[in-house]
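Notes follow once the structure below has been shown.
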Amino acid sequence: MTYTVREGTLLRDGAPLRLLGANYFPALAGCRIWVDWDPDTIRRDFAAMARAELNAVRIFVIWRDFEPEQGQIDPVSLDRLAEVVSAARSNGLHCLISLFTIWMNGERLDLPWREARSLWRDPLMLERQEQLAGRIAARLHEHDNVVAFDLGDEIANVDPAEAGRLTRADVASWYTRLVAAVRAHSPNSLVLQANDASAVFDTTPFGVDNAAQLDLLGVHAFPLWSPGGIESTKSYKATNLAPFVARFAAAYGAPLIDEMGSYGVDEPTATAFLGASAAASIAAGAAGVFVWCWTDIVSEADPYRQRPTERAAGLVTADGNPKPRLRALRRISRTTPSLAVDRGPAQAAIFLNERLRHPVESYQDISGAGPRAVFVADLLLTRAHLGHIMLAESTPMPDGAGPGLVICPSVEHLTLRDLRRIRELAERGATVYLSSGSHLTGFPGDDLAGARVVDFCRGDPGKAGLRWGDQRWPLDWRDEVGTPSTLEATTGTVLAEYLDGTPALVDNPVGLGRILYTNLPLERFLDGVGGLDSACGEIFYRMLAEVARVRPKVDCPEPEVELIVGTVSGSRCVVVVNHADRPVQTVLATPSDAVPVALAAKDWTVVELGEATA
């Protein structure tokens, strides 16, 4: 039996597999799992996971316990790891093995012999990682329930200063070296590297766009520690975070939400967050969701000595009693086949430009806030009920017609490769909406924009509002959103104007399609706390879709209700997720019917629409 990845989908013996599980430490031992060894508790916990209808568990290799002295890998710890994996198999659990664990729960459980050496560039440390990865892969090679090896959870946090000096090539080389070490002893093993939200939102080289050597892309979703102006765990943005990072990662590979959870909230809030987030993530195409974490912790050893709040994040209490959030996860497990819809061709796409996650390198570069603008664009398309994907500059173009509407949100830096891709998309028939995050490096050129830049104009009162048809929107050009500029139309037709009558949105025909260009970084305007409170964003995006003649497959009047339309076993259905912190009663408008739906706050359901047509 083997695990593979094909076209972004995780497979087990050729059949699609969705993982739903928990990150694991036992309650009494905590991170001392390999030292304070208690196999009976581990077996009981795994049996409880199986009864809760979970199918996966993530296990952490605490490096200092497996190699307490330099070059001396502890055979007892290897045996114990194999015993844990066997216990998981006995309970029908797939295992994700996280190697090189030093950073955990905000603390460093460091090796006594590392002496601040670089994990990524020091020859000795590289050799030790190769040896440990190889020994573990060899020891577990015969265990057919190891779905993948993770090359170190949030490993950049072990040494942030050194990680900040790494180039993308350094990280790629590290991946290549350790993937080879694993596969030398377990040739068919899948490998990933799990990262916090910086893998999407930041410019770190440990990003989903710099992981071509890996099989799965591990991303984490914790609202408290994520950018994007997430107002609270109960907010609309919070439960959209995990499906967003899954869609973002899917542009570069197969996404896996290997950590998701909430902190600093009560049990009803945690339960509501978990249900809506996990359901939406599975529907968004994530290969799986691992909740943080299985049990509350009793241990007072590191890291809990310094981080005692980490002890209360479990799905069950320390004495094994299920919390309401576990019931929410069990419901998802029972419905996973219906949640994992085949979404079919996307109506819309968000274009991820080549330098989206590259660091600011000089005064000529802009803020590096591009991924946050992508998050806003993702939210606006979701609120407009337009099914969408992310298109990286390297994503192969689909045969035949691609997405009808392509969004390039508040772009700060366009390369020649980006411009060629944008032109190709338009020439094939797409409507490409491009908003500049910089009037210089984000401008696509006169021929694509259908307009020329006259000058930048800081403090210009004429740019304090926008008119498009019957719509009027005030604009506050605060420093962080960008510098306004003045356009003059050339080959394009002006669709929207600023108060001073200069173009704000230009429609320019390109090939079989068109480019809708604006020098207004709309998504940057809406980024931040309360940015979506005004309806202007989704109205603007719906108007863009009307120009592109792209309409929702299923629609409803509630923007905070997400609709994921697809097929399951030949039947059409729609996954309906209420991301609002309030009950909703709405009506789904389908091509042939109107379906009433009532959902509690952060609730979800699957609505059958009938047999799919060819």
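The values are calculated or read from the model by the stated rules, or taken from the named source; none is laboratory data. Everything numeric here is computed off the predicted structure, so don't read it as measured data. Note that each Cβ is placed from the backbone with ideal geometry, even for glycine, and that neighbours are counted across all protein chains shown.
Computed quantities for the displayed model
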read-out	value
The stretch 357-390, residues that are among the hydroxyl-bearing types (Ser, Thr, Tyr) and either surrounded by fewer than 24 Cβ atoms within 10 Å (Cβ to Cβ) or touching a Gly at 6+ places or on another chain (Cβ under 7 Å) (or both)	Ser362, Tyr363, Ser367
Sole residue being farther than 14 Å from Ser98 by Cα, crowded, with 17+ Cβ neighbours inside 10 Å, touching a His at 6+ places or on another chain (Cβ under 9 Å) and small (Gly, Ala, Ser), chosen from Ser186, Ser118	Ser186
Residue, farthest from Asp378 (Cα to Cα), within the stretch 262-284, restricted to residues that are more than 16 Å from the chain's Cα centre (by Cα) and of a type in the set (A, V, I, L, M)	Val265
Residue list for the stretch 473-515, restricted to those being free of Cβ contacts under 8 Å to residues at least 24 places away in the same chain and charged (D, E, K, R)	Arg478, Asp479
Number of the condition not met by Ile230 [criteria: (1) among the β-branched types (Val, Ile, Thr); (2) under 24 Å from Ala346 (Cβ atoms); (3) in a loop (DSSP other than H, G, I, E, B)]	(2)
Candidates Pro557, Pro509 - the one that is modelled with pLDDT of 95 or more, closer than 19 Å to Leu381 by Cα, surrounded by fewer than 19 Cβ atoms within 10 Å (Cβ to Cβ) and out of contact with any helix residue (DSSP H, G or I) (no Cβ under 8 Å at 6 or more places or on another chain)	Pro557
First in the stretch 307-319 and at negative phi, second anywhere and acidic (Asp, Glu), Cβ under 8 Å, 6 or more apart	Arg307/Glu107; Arg311/Asp296; Ala312/Asp296; Ala313/Asp296; Gly314/Asp296; Val316/Asp296; Thr317/Asp296; Ala318/Asp296
Residue that is nearest to the chain's Cα centre (by Cα), among those in the stretch 197-211 that are within 14 Å of Asp153 (Cα to Cα) and in a loop (DSSP other than H, G, I, E, B)	Ala197
Out of Thr431, Thr441, sole residue that is under 31 Å from the mean Cα position of the chain (by Cα), of a type in the set (Ser, Thr, Tyr), over 16 Å from Asp507 (Cβ atoms) and in the same structural domain as Ala489 (by TED's automatic domain parsing)	Thr441
Sole residue being exposed (fewer than 15 other Cβ atoms within 10 Å of the Cβ) and touching a helix residue (DSSP H, G or I) at 6+ places or on another chain (Cβ under 7 Å), chosen from Gly344, Gly320	Gly320
Selection from the stretch 449-504 of residues that are under 21 Å from Ile539 (Cα atoms) and among the small types (Gly, Ala, Ser)	Ala464, Gly465, Gly469, Ala496, Ala504
Failed item in (1) in contact (Cβ under 8 Å) with a residue 24 or more places away in the chain; (2) more than 26 Å from Leu99 (Cβ to Cβ), with Asp266 passing the rest	(1)
Odd one out for Ile257, checked against (1) surrounded by 24 or more Cβ atoms within 10 Å (Cβ to Cβ); (2) part of a loop (DSSP other than H, G, I, E, B)	(2)
Hits in the stretch 516-550 - residues which are touching a residue at least 40 places away in the same chain (Cβ under 8 Å) and farther than 19 Å from Ala373 by Cβ	Val547, Ala548, Arg549, Val550
Answer residue from the stretch 455-467, given it is in contact with a Leu (Cβ under 9 Å, 6 or more places away or on another chain) and in contact (Cβ under 8 Å) with a residue 40 or more places away in the chain and is surrounded by the most Cβ atoms within 10 Å (Cβ to Cβ) among those	Leu466
The stretch 402-413: number of residues that are buried (at least 24 other Cβ atoms within 10 Å of the Cβ) and within 27 Å of Ser367 (Cβ to Cβ)	8
All positions within the stretch 51-79 that are among the basic types (Lys, Arg) and over 21 Å from Phe290 (Cβ atoms)	Arg64
Given (1) assigned to a strand (DSSP E or B); (2) in contact with a helix residue (DSSP H, G or I) (Cβ under 8 Å, 6 or more places away or on another chain), index of the condition Ala279 fails	(1)
Residue count, the stretch 444-488 (criterion: among the β-branched types (Val, Ile, Thr), at pLDDT below 95 and over 35 Å from the mean Cα position of the chain (by Cα))	0
Residue in the stretch 71-84 that is at pLDDT 95 or above and within 28 Å of the chain's Cα centre (by Cα) present	no
Exclusive hit being crowded, with 20+ Cβ neighbours inside 10 Å, modelled with pLDDT of 95 or more and farther than 21 Å from Ile59 by Cβ, set Val200, Val147	Val200
Test: residue in the stretch 329-337 that is out of contact with any Phe, Trp or Tyr (no Cβ under 9 Å at 6 or more places or on another chain), surrounded by fewer than 22 Cβ atoms within 10 Å (Cβ to Cβ) and without any contact (Cβ under 8 Å) to a residue 12 or more places away in the chain	no
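For every residue, the table says whether it meets (1) among the polar types (S, T, N, Q); (2) crowded, with 21+ Cβ neighbours inside 10 Å; (3) closer than 19 Å to Thr317 by Cα.
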{"position": "Ile42", "(1), (2), (3)": "no, yes, yes"}
{"position": "Phe66", "(1), (2), (3)": "no, yes, no"}
{"position": "Gly71", "(1), (2), (3)": "no, no, no"}
{"position": "Arg89", "(1), (2), (3)": "no, no, no"}
{"position": "Leu93", "(1), (2), (3)": "no, yes, no"}
{"position": "Phe100", "(1), (2), (3)": "no, yes, no"}
{"position": "Trp103", "(1), (2), (3)": "no, yes, no"}
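Matching residues to (1) at pLDDT 95 or above; (2) in a helix (DSSP H, G or I); (3) not aromatic (Phe, Trp, Tyr):
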site: Val289; (1), (2), (3): yes, no, yes
site: Thr309; (1), (2), (3): no, yes, yes
site: Ala318; (1), (2), (3): yes, no, yes
site: Ala328; (1), (2), (3): yes, yes, yes
site: Gly344; (1), (2), (3): no, no, yes
